[in-house]
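Down below is the structure, laid out as structure tokens.
Since every read-out is calculated from the coordinates, none of them should be taken as a lab result. Quick caveat, the model's predicted, so the values are computed rather than measured. Cβ placement follows ideal geometry from the backbone for every residue including glycine, while neighbour counts extend to all protein chains displayed.
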Amino acid sequence: MSPQLSDSQTPDAQAEIQYLRAELRKMQSLATLGELMGTATHEFNNVLMTVLNYAKLGIRNRDDATRDKALSKILQATERAAKITGTILAQARNRSESFEPTDLKSIIEDSLVLLEREMRKYRIHVETELGAEVPAAMANGNQIQRVLLNLLINARQAMSEGGTILIKLTRSADEGWVELTVRDSGSGIPKDQLPQIFDSFYTTKSGPDESGKGGTGLGLAACKEVIDSHKGRIRVESTLGRGTAFIIRLPIADQQQAAA
Ligand SMILES: Nc1ncnc2c1ncn2[C@@H]1O[C@H](COP(=O)(O)OP(=O)(O)O)[C@@H](O)[C@H]1O
Ligand SMILES: [Mg+2]
């Protein structure tokens, strides 16, 4: 009946393994979603503080100049709040697994809106090099955003003294791929640990940091899962004491259409 079964696994054991794998996938996506919610709530709260403070300023100072300034700050803050809730709603609503031509540039920009203040707080300078002519990737935007947030948070956590993150988007030298690189100037990863970092539950962190992130060992495993499902690649380059780069390749969208 089941020629693929290995000798050591009974049908029951196989079903059990399959069930546990599915549970693990759920845990991975909940862990990243949890981090995203944590970040967004934090950012949202910050926007509210800005609104509150400028509203108070406007009430205290009745001159036109101050009121104009207060109102325009409130306007900016609420626009930011709308972007933040927009991202969260998109993540919560669109749980689809479908792939479509996706502009990675706007995903990068949206993710940075979310992390902007957190990065500033940890004295991390974020640079972007987003090639103007980079074609759309065949991707699930929400999933790629979660991958990106994971990589950015890991990068931030690897730079306890501050540093630089470079996000680069290019058309790959190899035909048919776009390449997304997240490079940090952090601690780097020891060579003997590199083979483990994509394993579920592998972590060198003692637990979540003060912003509630990391320490589950599920982030990179989830990233790999997502990139594999896109038939893409994710690889790491790291030098101890110098920094780490995660390089992702995703298929170009129009090529797939041409092939279809
Ligand atoms: N940018 C990075 N710099 C240094 N180490 C990293 C980086 N990204 C990941 N790592 C290492 O890989 C491990 C696994 O990462 P991850 O799966 O995201 O789990 P977690 O962040 O919960 O520890 C981390 O604990 C850390 O040791
Ligand atoms: Mg992580």
* Asked: Principal axis lengths of the range 1-156 from Cα atoms, whole Å, largest first?
  -> 84, 36, 30
* What is the set of long-range amide H partners of ASN140 at a cut-off below 5 Å, with H atoms built 1.01 Å from backbone N? -> GLU100
* Stretch gain in nm, segment GLN193-GLU16, where the contour uses 0.36 nm per residue and the Cα spacing is subtracted -> 60.8 nm
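Pulled fully out, how much extra length does the chain show between LEU240 and TYR122, if you take 0.36 nm times their separation in residues and subtract their Cα-Cα distance? Mind showing how you got there, number by number?
Numbers: separation 118, 0.36 × 118 = 42.48 nm, distance 2.06 nm.
Result: 40.4 nm gained on full extension.
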* Under the Karplus relation 6.51 cos²θ - 1.76 cosθ + 1.60, θ = phi - 60°, what is the ordered set of whole-Hz ³J(HN,Hα) values for the range 142-158, x standing for Gly and Pro? -> 5, 5, 5, 4, 5, 4, 4, 4, 4, 5, 5, 5, 4, 4, 4, 5, 7
* Which listed residue (PHE201, VAL113, THR170) has the Cα farthest towards the positive end of the charge dipole for the chain, taking +1 on Lys and Arg C-beta and -1 on Asp and Glu C-beta about the Cα centre? -> VAL113
* Rank HIS42, ALA245, SER96 by how far each Cα sits towards the positive end of the charge dipole of the chain (+1 on Lys, Arg Cβ; -1 on Asp, Glu Cβ) and give me just the farthest. => HIS42
* **Listed residues LEU130, LEU36, LEU115, most fluctuating in the chain (Gaussian network, C-alpha, under 10 Å)** => LEU130
* Structure fact -> Packing-ranked peptide list from 148-158, 83-93, 179-189, highest mean Cβ count within 10 angstrom first, is 148-158, 179-189, 83-93
* Give a residue-ordered list of calculated ³J(HN,Hα) values for the range 188-205 (Karplus: 6.51 cos²θ - 1.76 cosθ + 1.60, θ = phi - 60°; whole Hz; x for Gly, Pro). => x, 10, x, 3, 6, 8, 3, x, 9, 4, 8, 6, 4, 6, 7, 8, 10, 8
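So, counting K/R as plus one and D/E as minus one, what does the shell of residues with Cβ under 14 Å around ILE247 add up to?
Summing Lys and Arg as +1 and Asp and Glu as -1 gives +2.
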* Asked: Efficiency by 1/(1 + (r/R0)^6): what FRET value for GLU97 and GLN76, r their Cβ-Cβ distance, R0 = 41 Å, to the nearest 0.05?
  -> 0.70
* Would you pull out the residues with amide H under 5 Å of HIS125's amide H, same chain only if 5 or more places away, H placed 1.01 Å from N? => GLY163, THR164, ILE165
* Fluctuation leader among VAL178, VAL51, VAL134 - the chain, Gaussian network, Cα springs under 10 angstrom -> VAL51
* **Calculated SAXS-style log₁₀ I(q)/I(0) at q = 0.08, 0.12, 0.13 Å⁻¹ - the chain, Debye, Cα scatterers** => -0.39, -0.80, -0.92
* Who wins for biggest fluctuation among ILE74, ILE197, ILE107 in a Gaussian network model of the chain, springs between alpha carbons below 10 Å? -> ILE74
* Treat the count of other C-beta atoms within 10 Å as a stand-in for reagent exposure and order ARG120, ARG171 from fewest to most. => ARG120, ARG171
* Structure fact -> Helix-only [θ] at 222 nm, the chain, -39500 (n - 2.57) per DSSP H run of 4+, per residue, nearest 500, equals -18000 deg cm²/dmol
* Structure fact -> Listed by chain and number, the residues whose amide H is under 5 Å from that of TRP177, excluding neighbours fewer than 5 places away on the same chain and using placed H, are SER172, ILE252
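Is there a quick way to get the dipole size of the range 180-260? I mean about its Cα centre, with the Cβ of Lys and Arg at +1 and of Asp and Glu at -1; what is the value in debye to the nearest 20?
Working: 10 positive and 9 negative charges, 42 e Å.
Once rounded to the nearest 20, the dipole reads 200 debye.
Rounded to the nearest 20 Debye, what is the dipole magnitude of the range 100-259 about its Cα centre when Lys and Arg each give +1 and Asp and Glu each give -1 at the C-beta? Write out the running numbers ahead of the final one.
On the way: 19 positive and 22 negative charges, 86 e Å.
It comes to approximately 420 debye.
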* Asked: Where does the charge balance sit around GLU237 when Lys and Arg score +1, Asp and Glu -1, over other residues with C-beta under 12 Å from its C-beta?
  -> +3
* In Hz, Karplus ³J(HN,Hα) per residue of the range 119-134 (6.51, -1.76, 1.60; θ = phi - 60°; x = Gly, Pro) -> 5, 4, 4, 8, 6, 10, 8, 9, 10, 10, 10, 10, x, 5, 9, 6
